[in-house]
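What follows is a short report on a single structure.
The values are calculated or read from the model by the stated rules, or taken from the named source; none is laboratory data. Just so it is clear, the structure is predicted and the values come from calculations on it, not from any experiment. Every residue, glycine among them, receives a Cβ derived from its backbone with ideal geometry; neighbour counts consider all protein chains shown. Note: areas computed on protein heavy atoms with side chains; ligands, DNA, RNA excluded. Shrake-Rupley method; radii C 1.70, N 1.55, O 1.52, S 1.80 Å.
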Amino acid sequence: MLEKFFKLKENKTNVKTEVLAGITTFMTMAYILAVNPSTMTAFNDILGLDEATRMNPNGVFLATAIASFIATLLMAFCANYPFALAPGMGLNAYFAYTVVLNMGYSWQVALAAVFVEGIIFILLSLTNVREAIFNSIPMSLKLAVSGGIGLFIAFLGLQNSGIVTDNVATLVQFHSFNAEGVTLTQNVSVILAILGVIITAILLIKKVKGGILLGILVTWILGIICQLTGLYVVDPAAGFNSLLPDFSGGLQLSALGDVAFKMDFSEMFSLDFLVVVFAFLFVDVFDTLGTLIGVASKSDMLDKEGKLPRIKGALMADAVGTTVGAALGTSTVTTFVESATGVSEGGRTGLTSFVVAVLFGLSVFLSPIFLAIPGFATAPALIIVGFYMISSIIKINFDDMTEAIPAFLCIIAMPFTYSISEGISFGIISYVVINLISGKAKDKKISIVMYVLAVLFILKYIFM
């Protein structure tokens, strides 16, 4: 049955590899189950909302898990790709801090904006607009997107683990073990993350199957030992939660009713509402395309023309996931860049994403286990996968500067602007402008879609 649905032999894989890849992908993105509820409801305390008007974090958690389950299941059966979906980071912050806090909309209106964006997304997918965008991007930029995402997720790993921290003068710096105010728990977390990178690297060098997953588990177990021995002190206010699963609170499944189907369309025809919808749509389109391009090009899923077969199914899973997610009570659902971890473990078919979907479904009932996985345990996986993905840039023709310079700008923009879509924007604008002015545009046969995208990106920076 699995062979019939997912064509394992045709994709040169097997059930064991796919299941292991799915578990690995889930482990690296399970943090969204904890982060999304806290981010989306950050305005509750800032605005001092009472119980009747607050957005229930427990409800958002359930919406996150269920929406991720549905969207990833659609990816498995509609596209047969090893990509997982969940509410996207960045878009959830935009939901809370920009739409609700800065623009003054209620969270119900914000959910309505996400829902409308999802409907537009579905229409764009049905009309092949998103597929045309994907196919129009030059191969050098597709390879650059993969490399840029590699740097970006490695940077995420360095941040999540505390290895890299902020600095007023230089923006970022290496963690200072002896700085004033730094606690033992912070130092231990950083040390464990560094050990995790070394352990994971050794497992991969020794070609241990499931090395990335084992690296996560070993690092987590070392953290638990540190907590039991007093080296890691639980301090939720400082962001250091217990590493041991806590089932004492029980399950609160009824909380979903506090956020599901609470959308408010009363502001639907206002100009500001349309701007919000466009912002959600714009970021979602290019974050999704960037992730699909990056992960697919790294795993040789693109055909000879640089196109991704069955992309329509992948895009539709994303679009429907966003619409369903908004109805349930969460921000925009998008394809997760952490899917690269499962691909690095050998995942090649929808069986990988099916396993991820099942785990998201189980997380509704086993949430204490998944929420106990700390950032310093998943960070090594992100850093190592970053290494895997950056290697794609060796296929870029650096002798042709009209190809190489836009690719370079695309690569560096992703980590430095903290956005996959901004990296794509830098790459597309520079590719069109450089080739046009240097007289190489005719030789490269730049498509009309690329010109349109370049203009749209430029207009975005002017008006947004």
**Request:** Compare the peptides 413-421, 239-247, 389-397 by average per-residue count of other Cβ atoms within 10 angstrom and give them in order, highest first.
**Result:** 413-421, 389-397, 239-247
**Helical mean residue ellipticity (222 nm; -39500 (n - 2.57) per DSSP H run of 4+; nearest 500) of the chain** = -20000 deg cm²/dmol
**Message:** I need the shape label for the chain. Rule: rounded when a/c is under 1.5, else prolate if a/b > b/c, else oblate, with a, b, c from the alpha carbon gyration tensor.
**Reply:** rounded
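Just in the range 300-363: which GluC sites (Glu not before Pro) are loop by DSSP and have at most 10 other Cβ atoms within 10 Å? Intermediate values should be presented prior to the final figure.
Details: sites: GLU305, GLU338, GLU345; in loops: GLU305, GLU338, GLU345.
Here the sparse-neighbourhood loop sites are GLU305.
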**Item:** Unit charges at the beta carbon, dipole of the chain: most positive-side option, LEU274, SER38, THR28
**Value:** THR28
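How large, in percent, is the carbon and sulfur part of the accessible surface of the chain at a probe radius of 1.4 Å? Kindly include the intermediate steps, with their values, before the conclusion.
On the way: 13340 of 19760 Å².
Carbon plus sulfur share of accessible area: 68 percent.
Return the loop-located trypsin sites (Lys or Arg not before Pro) in the range 1-108 (DSSP other than H, G, I, E, B) with at most 13 other Cβ atoms within 10 Å of their own Cβ; answer none if there are none.
Details: sites: LYS4, LYS7, LYS9, LYS12, LYS16, ARG54; in loops: LYS7, LYS9, LYS12, ARG54.
When the trypsin sites (Lys or Arg not before Pro) of the range 1-108 are filtered for loop state and at most 13 Cβ neighbours within 10 Å, LYS9, LYS12 remain.
With helices defined as uninterrupted DSSP H runs, which ones in the chain have an alpha carbon span along their own long axis of at least 27 Å and mean Kyte-Doolittle hydropathy of at least 1.6?
Details: long enough: 57-78 (31 Å, 1.76); 107-126 (29 Å, 2.16); 139-161 (33 Å, 1.23); 184-205 (31 Å, 2.39); 271-298 (40 Å, 1.75).
Passing helices, by number: 57-78, 107-126, 184-205, 271-298.
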**Asked** Size of the dipole of the range 212-314 about the Cα centre, Lys and Arg at +1 and Asp and Glu at -1 on the beta carbon, nothing else charged, in debye to 20?
**Response** 460
**Request:** Taking only protein heavy atoms into account and a 1.4 Å probe, give the accessible area per residue of the range 119-253 in Å².
**Result:** 51
**Prompt:** Taking H as built 1.01 Å from N, whose amide H comes closer than 5 Å to the amide H of TYR81, not counting residues under 5 places away?
**Reply:** GLY350
**Fill in**
Averaged per residue, the 1.4 Å probe accessible area of the range 350-392, protein heavy atoms only, in Å², is roughly 26
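If packing is taken as the mean number of other Cβ atoms within 10 Å per residue, what is the order of 280-292, 38-50, highest first? Show your work: numbers first, answer last.
Values: 280-292: 24.7, 38-50: 16.4.
Top of the packing list down: 280-292, 38-50.
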**Asked** Among the listed pairs LYS16/LYS207; LYS142/LYS445; LYS312/LYS445; LYS9/LYS395; LYS142/LYS395, which are separated by more than 18 Å between their Cα atoms?
**Response** LYS312/LYS445; LYS9/LYS395
**Prompt:** Which Cα, out of VAL333, ILE390, ILE373, lies furthest along the positive dipole direction of the range 333-464 (beta carbon charges, K/R +1, D/E -1)?
**Reply:** VAL333
